[in-house]
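Laboratory data are not the source of any read-out in this text; all were calculated from the coordinates shown. Keep in mind it's a predicted model, so treat the numbers as computed, not measured. Reconstructed Cβ throughout: ideal geometry from the backbone, glycine too, with neighbour counts over all protein chains shown.
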Amino acid sequence: MHSPERDTGPRVSFNLRAYHEQAQRVRHRVRRSSDVWLLLDQHAESPGVSERQVAALHEVAMAGRVRRSRYEKSEGLNAQQATRDMQAPVKAGVLTPVGRTKGRHYIADDRFPQDVLRGTRSRAPSPGVAEREGQALSVKRTDQA
């Protein structure tokens, strides 16, 4: 027997829409990350940037900063190698250190590729989120007789 109080249609519809929007956001993030990586790869071998350091620059472009420890782990380096790798872009004016010792991180400096930074700032808004904020999700119900 059909009972309108137990209708799961609105809940299923809401969940499917949420999953779809989440997948769109992830796809956009992956596409943006890939585009940034390709742009940075073009800048590899420029003064102060080796091919291996592109990973650190990618982190700065996507997250706004990078820590030596994170770069060390992501590239499988020891502490000395990671420290040397972070010093080269600093000397070249690509990155600038912020903080001291344990809290130190690196951010983009004047010589960081500006086309890459522009690419990360062009974020598409999440589809449909603004329209539904504060509104109830309405779903048409079709009663079967």
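Count charges around residue 93 for me, please; just the other residues with Cβ under 15 Å from its Cβ, Lys/Arg as +1, Asp/Glu as -1.
After counting each charged neighbour, the total is 0.
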For the stretch 67-106 the trypsin sites (Lys or Arg not before Pro) that pass both the DSSP coil test and the at-most-10 other-Cβ-within-10 Å test are 100
For residue 37 paired with residue 91, estimate the spin-label separation in nm (one decimal), with each label point 7 Å from Cα along the Cα-to-Cβ line. 2.9
